[in-house]
Each structure stands twice: as structure tokens, then as C-alpha cells.
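The values are calculated or read from the model by the stated rules, or taken from the named source; none is laboratory data. Not measured: the values here are computed from a predicted model. Cβ placement follows ideal geometry from the backbone for every residue including glycine, while neighbour counts extend to all protein chains displayed.
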Amino acid sequence: MNINAHFPYHHYSNYGHPQTLDVPKLIEDPRFKQNRCPFIIDWQNKTAVGIVPNNPSCFQLQLSEKEVRELKKPRRERTIGLHLRLFSSEAKHEDWSCIAATGITVYINKDFIPIHSSKQKPGAKKKGYRVAKPLDISDKAQPTLDVEIHCQTNFTGICVAELATFYSMDQMIKRIIRKCRGVNAAEKKCEVCNKNENLMRCSRCKTAWYCGEKHQQQHWEYHQRICKPFKTRPNLPKVNVNSPGDDELQLGESRVSLRCPLTIKRMELPVRGVACHHPQCFDLQGYLGFCMTTGVWQCPVCTKSCRFTDLGLDDNMEKIIKETGEEIDQVRLFPNGTYRAITLAEIRREDQRAGQRKKRKRKDKTAPTPSKKPSIGSNMAQPIVLD
């Protein structure tokens with residue numbers, strides 16, 4: 001991570017509160033660098049300001065002309081973003097949508113910045129792994145930005161203006177492919193000169209190649225930002241019933257869709273999580289786009305936590321997708337590992353039968369129950385008469 005050693009910051013104390021908010025101390029907290037979106041490569045702190053209840057917090061942000069030009073590009077064409085990040089005094093990243101629901105407003109150059117408020121009820125059980133999303137103000141980029149924050153809730157912490165660099169969608173997909181399948185022979189070339197003979201590999205990430213130490217040192221300024229320790233391929237639970245094991249799913253015959261449950265499009269790179277105990281997959285690009293937008297990393301099938309590091313390519317499902325035609329949307333998986341394509345006519349017949357069963361159940365529930373004949377003497381209107 002690239003942080004300016006002497007970036008501007010401001011101390012703010014709550015009126016009537018004896019303690020002063022220590023902005024530099026919160027930024028230096030190790031938890032400030034953790035629990036961030038895996039799309040982010042690194043970030044540069046531009047400035048920081050303390051946030052306390054019932055007190056306005058103001059700061060000015062300066063951007064270069066080059067930074068403004070890059071930030072003005074459409075989201076899919078740029079790899080940098082200008083973010084406002086909330087970090088509480090308890091050393092926890094906070095989502096703007098949750099804080100906005102209880103009362104916080106932002107103005108940039110006197111213009112009100114709308115913030116989507118979360119509709120989730122307080123105390124509701126949260127599913128999946130959640131990453132607190134910063135407030136993206138890239139489209140407001142100007143050489144000088146006057147930011148004003150009004151906090152009407154009980155939040156106490158800091159707001160940090162960050163210039164973040166992040167991976168593109170194609171780069172994120174390549175990271176998963178390299179993690180699961182390694183580097184192809186065609187991709188093994190020097191990162192500087194593209195030479196493909198007598199190469200040396202980065203001993204840390206094992207995904208970058210160089211023709212010598214000179215080019216490795218030359219490329220290190222960029223590579224150090226994306227170089228992560230190598231991790232072995234995630235082991236996905238296998239779908240098998242004939243040879244039981246701890247990491248195998250015990251399933252019978254099942255019907256599986258070849259369409260992603262998120263995008264409803266035919267999957268190209270089917271993936272599952274290491275904790276997903278079901279054969280149904282989802283598309284890698286569709287899932288990454290969903291998680292980047294919502295900040296929630298959870299399986300769309302079983303709703304279990306499914307982080308970026310938990311994703312794995314399902315080679316068997318990818319083989320099925322390639323072997324079946326575009327007109328096939330579902331297949332039937334058998335216990336012995338084989339499959340059979342389900343035609344559209346079969347799907348309609350099965351859905352029709354399922355609909356008829358539901359109707360019969362609904363009729364059974366709504367049918368009037370036979371009334372019981374009241375027994376003699378059950379009430380005062382029908383007393384028991386003794387001879």
C-alpha cells in the first residue's frame with residue numbers, strides 16, 4: 001500500500017466530550033488496511049478528517065490534472081477511483097449505506113451527494129462475507145474539492161479520502177484461472193521484454209516470469225503492488241456417491257441448470273465455493289460483478305460465505321457446458337459421474353407435473369373439513385335427559 005507519510009489530517013473533538021479523536025493513530029491501526037475489497041490493489045491517502053456526532057467536518061482535496069482526467073473516464077475504462085472511507089473509533093470499516101440510514105450527509109462544492117440507505121433492519125442476521133463499501137466520488141473529480149460532512153448519528157471515527165487503484169474485471173478473472181490452473185506455457189514470458197526462454201519465476205507469487213534479475217528489479221515497482229503469497233488450488237467438494245469421502249457430496253440423481261442464477265445467462269466459467277455442498281455452479285464474471293456492486297460475498301445458491309480466495313473453477317461443469325449446445329439449459333447428473341442433457345420439452349413436462357402437484361396440495365388445504373355431529377349433552381341447548 002502506498003500512503004503519503006505527511007498527508008493532511010485534522011483533529012476533531014466532540015463538544016462536551018473530554019477525549020480528542022486521534023486521526024493518525026486510527027490510520028496507523030493494522031485493521032485499517034484489512035477487510036477491503038479484493039478488487040483494490042493499493043491506495044494513496046489524500047487527507048483525513050475526524051467525524052463526531054452533531055459536528056460538521058470539512059476538508060479540502062487537491063487533485064492533479066492527470067488524476068482528474070483519469071477519474072472522469074467511464075467506470076469500465078479506468079482503474080483508479082476517488083473514495084471516501086469511514087473508519088470508526090472501534091477500528092472497524094463502516095458502510096456508508098448503513099450510516100446514511102441513521103443520519104449522515106455529504107456535500108462536495110456545496111452540491112448534495114445522494115447516498116443509498118440500507119433497508120436492512122437493525123439486529124437482522126447478516127449472511128455471507130460483507131465488505132464495507134467506500135463512497136465513490138470519482139464522477140465529482142475537480143482540481144479542488146471542498147468536502148463537508150454532517151453527522152447526525154452516533155458514529156465516531158474518521159473519513160479518509162483515498163485515491164485507489166484496482167484490478168479490471170479481466171484481471172480478476174485471470175487471477176482465478178491462474179490460481180486454479182497455473183500459468184500456461186504461452187503466458188510464460190518476461191514481464192518486461194516478452195522473452196520466453198531461460199526464464200526465472202517470482203518465488204513469492206509464482207505467476208510472474210523474468211529473463212533475469214535486471215528486469216525483475218525494473219518491474220518490481222509495479223509488481224510489488226499485486227504480488228501476493230502463492231496459495232494452492234482450492235479443493236472443491238466432489239459430486240460422487242459411489243466412493244464416499246470427507247470432501248465428497250453424497251447425492252443421487254439431480255437436475256442442474258447451465259445458466260448462472262445471478263445473470264440468467266449461460267455460464268462461461270462455472271465456479272463454486274470451497275464450502276458449497278451442491279453441484280449447482282454460478283458464472284465467475286457475473287459473481288464478481290455482483291460482489292463488487294453489493295459488497296456481499298456469498299454463494300447465490302446456498303448463501304454461505306464465499307470470498308474471492310474461496311472460489312474455484314468446476315472443471316466437470318465447464319466440460320459439460322462445452323459439450324452441450326446453446327439450446328440446452330439444464331442437464332441431469334447421475335451418481336456414476338455421467339450426465340444427460342434435458343430438452344426444453346422435458347423441462348416443460350416436468351414443470352407442468354410439478355405445477356399440478358402444487359395445485360392438488362392447495363386444493364387439499366382449502367377443501368372444507370367434514371363437520372362433526374355434536375354429541376348429546378355437549379352444551380346446555382342439548383341437555384341429557386334421564387328416564
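Is it the case that Thr165 is within 15 Å of Lys92 (Cβ to Cβ) and either modelled with pLDDT of 90 or more or basic (Lys, Arg) (or both)?
So Thr165 fails the test.
Might you let me know whether the stretch 119-142 holds any residue that is in a helix (DSSP H, G or I) and touching a Gly at 6+ places or on another chain (Cβ under 7 Å)?
The answer is yes; a qualifying residue exists.
Check Ile104, Ile80 and return the single one that is farther than 30 Å from Ala275 by Cα and in contact with an Asp or Glu (Cβ under 9 Å, 6 or more places away or on another chain). Give the steps one after another, and end with the answer.
Values: Ile104 fails: in contact with an Asp or Glu (Cβ under 9 Å, 6 or more places away or on another chain).
Of the residues listed, the single one that is farther than 30 Å from Ala275 by Cα and in contact with an Asp or Glu (Cβ under 9 Å, 6 or more places away or on another chain) is Ile80.
Yes/no per residue for (1) loosely packed, with under 15 Cβ neighbours inside 10 Å; (2) polar (S, T, N, Q):
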position: Lys46; (1), (2): no, no
position: Pro53; (1), (2): no, no
position: Arg76; (1), (2): yes, no
position: Gly81; (1), (2): no, no
position: Leu86; (1), (2): no, no
position: Ala91; (1), (2): yes, no
position: Ser97; (1), (2): no, yes
position: Ile108; (1), (2): no, no
position: Pro114; (1), (2): yes, no
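Looking at (1) acidic (Asp, Glu); (2) in contact (Cβ under 8 Å) with a residue 24 or more places away in the chain; (3) not in a loop (DSSP other than H, G, I, E, B), find the lone condition where Glu326 falls short.
Unmet for Glu326, out of (1) acidic (Asp, Glu); (2) in contact (Cβ under 8 Å) with a residue 24 or more places away in the chain; (3) not in a loop (DSSP other than H, G, I, E, B): (3).
Test each condition in (1) farther than 15 Å from Met172 by Cβ; (2) in a strand (DSSP E or B) for Gly312 and report the one that comes out false.
So Gly312 meets the others, but not (1).
Are there any pairs, at least 6 apart or on different chains, whose C-beta atoms fall under 6 Å, with the first in the stretch 180-208 and closer than 13 Å to Phe230 by Cα and the second outside any loop (DSSP other than H, G, I, E, B), and if so, which?
Close Cβ pairs (under 6 Å, with a partner that is outside any loop (DSSP other than H, G, I, E, B)) amount to Cys180/Gly312; Cys180/Leu313; Arg201/Trp209; Thr207/Arg178; Ala208/His223.
Looking for something at pLDDT 90 or above and surrounded by 15 or more Cβ atoms within 10 Å (Cβ to Cβ) - is there at least one such residue anywhere in the stretch 235-256?
There is at least one residue in the stretch 235-256 that is at pLDDT 90 or above and surrounded by 15 or more Cβ atoms within 10 Å (Cβ to Cβ).
From the residues in the stretch 191-226 that are outside any helix (DSSP H, G or I) and among the basic types (Lys, Arg), which one is surrounded by the fewest Cβ atoms within 10 Å (Cβ to Cβ)?
Here the residue is Arg204.
Return yes or no: is Thr153 in contact (Cβ under 8 Å) with a residue 40 or more places away in the chain, assigned by TED's automatic domain parsing to the domain that holds Asp29 and in a strand (DSSP E or B)? Working first, answer last.
On the way: in contact (Cβ under 8 Å) with a residue 40 or more places away in the chain: yes; assigned by TED's automatic domain parsing to the domain that holds Asp29: yes; in a strand (DSSP E or B): no.
It is false that Thr153 is in contact (Cβ under 8 Å) with a residue 40 or more places away in the chain, assigned by TED's automatic domain parsing to the domain that holds Asp29 and in a strand (DSSP E or B).
Please enumerate the residues belonging to the stretch 90-118 that are at pLDDT 90 or above and either part of a helix (DSSP H, G or I) or not assigned by TED's automatic domain parsing to the domain that holds Pro74 (or both).
Selection gives Trp96 alone.
Go through the stretch 260-276 residue by residue and tally those that are over 19 Å from Cys180 (Cα atoms) and in a loop (DSSP other than H, G, I, E, B).
6
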